[in-house]
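A.B. asks: I'd like to ask some things about the structure below.
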Amino acid sequence: MHPVDRLIVGFDTALRTLAGVHRGTRASPADGIAEAELDAAARDAAAALMRVNHVGEVCAQALYQGQALTAREPGNRAALERAAGEEEDHLVWSARRIEELGGRTSLLNPLWYAGSFALGAAAGALGDRWSLAFLAETEHQVEEHLAGHLRRLPAGDARTRAVVEAMRIDEMKHRDSAIALGAAELPAIAKAAMRVMARVMTTVSHRI
Ligand SMILES: [Fe+2]
Ligand SMILES: [Fe+2]
């Protein structure tokens, strides 16, 4: 694809992500699982955690778009686009689950999207090895984060848990594929900085 076409596709993704119009391809892992009887507090708690996860998926869209624009290796680009498609499923699944729980998505989504897009493009500018390194570490931290949510979600909320678990498995796959494509190993300081940023993002989006 010509760089300008890729830019247009990226812009289209941005608009669809922010407007909540998505083309998920895989059925939600929650399909076919009975809705649990949750009290109001449990529903709110689950919705808040899913709002954080939805923000993570908005950022994943932006990150993958930023990377796809800069990826030099055509083979890498194809793999990134495949993972980006799975991230779009995650976006759809988490948005739908928030709705079912009576919650709302983050009001700051445009901000999260813009920040992640810039980071993805900046990492991409450093070359494929480093942009893949950034991606692999992001996926790793998201996977850990989702594992934490599985411990915090209401025990009986099987629908939410099914979504989070399926996303966690995909994120592990995405990390492995970034490493297989030749990701460098990020310096510890960069990983630590990413954790700090993630902490800010998750803390804020848990509320707003
Ligand atoms: Fe994801
Ligand atoms: Fe992922």
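The values are calculated or read from the model by the stated rules, or taken from the named source; none is laboratory data. Bear in mind the structure is a predicted one, so any value in this text is a computation, not a measurement. Note that each Cβ is placed from the backbone with ideal geometry, even for glycine, and that neighbours are counted across all protein chains shown. Quick note on the areas: whole protein, heavy atoms, side chains included, nothing else; ligands and nucleic acids left out. Shrake-Rupley method; radii C 1.70, N 1.55, O 1.52, S 1.80 Å.
A.B. asks: Would you pick out the residues in segment 152-164 that are hydrophobic (A, V, I, L, M, F, W, C) and part of a helix (DSSP H, G or I)?
C.D. replies: Across segment 152-164, the qualifying residues are Ala158, Ala162, Val163, Val164.
A.B. asks: I'm told Thr70 meets every condition in (1) farther than 20 Å from Gly156 by Cα; (2) in contact (Cβ under 8 Å) with a residue 60 or more places away in the chain; (3) out of contact with any helix residue (DSSP H, G or I) (no Cβ under 6 Å at 6 or more places or on another chain) except one. Can you identify the failing condition by its number?
C.D. replies: Thr70 satisfies every listed condition except (3).
A.B. asks: Select, from Leu91, Leu111, the only residue that is in a helix (DSSP H, G or I) and over 18 Å from Leu49 (Cβ atoms). Outline the logic, then answer.
C.D. replies: Numbers: Leu91 fails: over 18 Å from Leu49 (Cβ atoms).
Just one listed residue meets the conditions, Leu111.
A.B. asks: Take Glu99 and decide whether it is over 17 Å from Met197 (Cβ atoms), part of a helix (DSSP H, G or I) and free of Cβ contacts under 8 Å to residues at least 40 places away in the same chain.
C.D. replies: Answer is yes for this residue.
Conditions (1) more than 16 Å from ligand 1 (Cβ to nearest atom); (2) surrounded by fewer than 23 Cβ atoms within 10 Å (Cβ to Cβ); (3) at pLDDT below 90; (4) assigned to a helix (DSSP H, G or I), marked per residue:
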residue	(1), (2), (3), (4)
Leu49	no, no, no, yes
Val55	no, no, no, yes
Gln61	no, no, yes, yes
Gln67	no, no, yes, yes
Gly75	yes, yes, yes, yes
Arg82	no, yes, yes, yes
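A.B. asks: Return a yes/no flag: does segment 92-103 have any residue that is out of contact with any Phe, Trp or Tyr (no Cβ under 7 Å at 6 or more places or on another chain), farther than 24 Å from Pro29 by Cα and either surrounded by fewer than 23 Cβ atoms within 10 Å (Cβ to Cβ) or not aliphatic (A, V, I, L, M) (or both).
C.D. replies: Within segment 92-103 (the criterion being out of contact with any Phe, Trp or Tyr (no Cβ under 7 Å at 6 or more places or on another chain), farther than 24 Å from Pro29 by Cα and either surrounded by fewer than 23 Cβ atoms within 10 Å (Cβ to Cβ) or not aliphatic (A, V, I, L, M) (or both)), the answer is no, since none of the residues qualifies.
A.B. asks: Out of His149, His145, His206, which single residue is within 24 Å of Leu107 (Cα to Cα), in a helix (DSSP H, G or I) and more than 13 Å from ligand 1 (Cβ to nearest atom)?
C.D. replies: After ruling out the rest, the residue left standing is His206.
A.B. asks: Give all pairs with beta carbons closer than 7 Å in which a residue from segment 22-45 that is closer than 14 Å to Ala166 by Cα meets a residue that is at pLDDT 90 or above and open to solvent by 70 Å² or more (accessible area, probe 1.4 Å); count only pairs at least 6 apart in sequence or on separate chains.
C.D. replies: As it stands, the answer is Ser28/Arg96, since those pairs meet every condition given.
A.B. asks: Could you grab me the full set of residues in segment 78-95 that are more than 13 Å from ligand 2 (Cβ to nearest atom) and either closer than 15 Å to Phe134 by Cα or touching a residue at least 40 places away in the same chain (Cβ under 8 Å) (or both)?
C.D. replies: Across segment 78-95, the qualifying residues are Val92, Ala95.
A.B. asks: Let me ask something else. Given the options Ala178, Ala162, Ala193, name the one that is more than 16 Å from ligand 2 (Cβ to nearest atom), closer than 21 Å to Gly85 by Cα, within 19 Å of the chain's Cα centre (by Cα) and not aromatic (Phe, Trp, Tyr). Show your work before the answer.
C.D. replies: Values: Ala178 fails: more than 16 Å from ligand 2 (Cβ to nearest atom); Ala193 fails: closer than 21 Å to Gly85 by Cα.
Result of the check over Ala178, Ala162, Ala193: Ala162.
A.B. asks: Which ones in segment 173-193 are open to solvent by less than 70 Å² (accessible area, probe 1.4 Å), within 16 Å of ligand 1 (Cβ to nearest atom) and of a type outside the set (Gly, Ala, Ser)?
C.D. replies: Hit for segment 173-193 is His174, nothing else.
A.B. asks: For segment 122-142, which residues satisfy the criterion of being open to solvent by less than 30 Å² (accessible area, probe 1.4 Å) and part of a loop (DSSP other than H, G, I, E, B)?
C.D. replies: The one that is open to solvent by less than 30 Å² (accessible area, probe 1.4 Å) and part of a loop (DSSP other than H, G, I, E, B): Gly127.
A.B. asks: Could I ask something else about it? Please go through segment 148-164 and give me each residue that is exposed (fewer than 15 other Cβ atoms within 10 Å of the Cβ) and within 18 Å of Ala60 (Cβ to Cβ), ordered by number.
C.D. replies: Matches in segment 148-164: Gly148 only.
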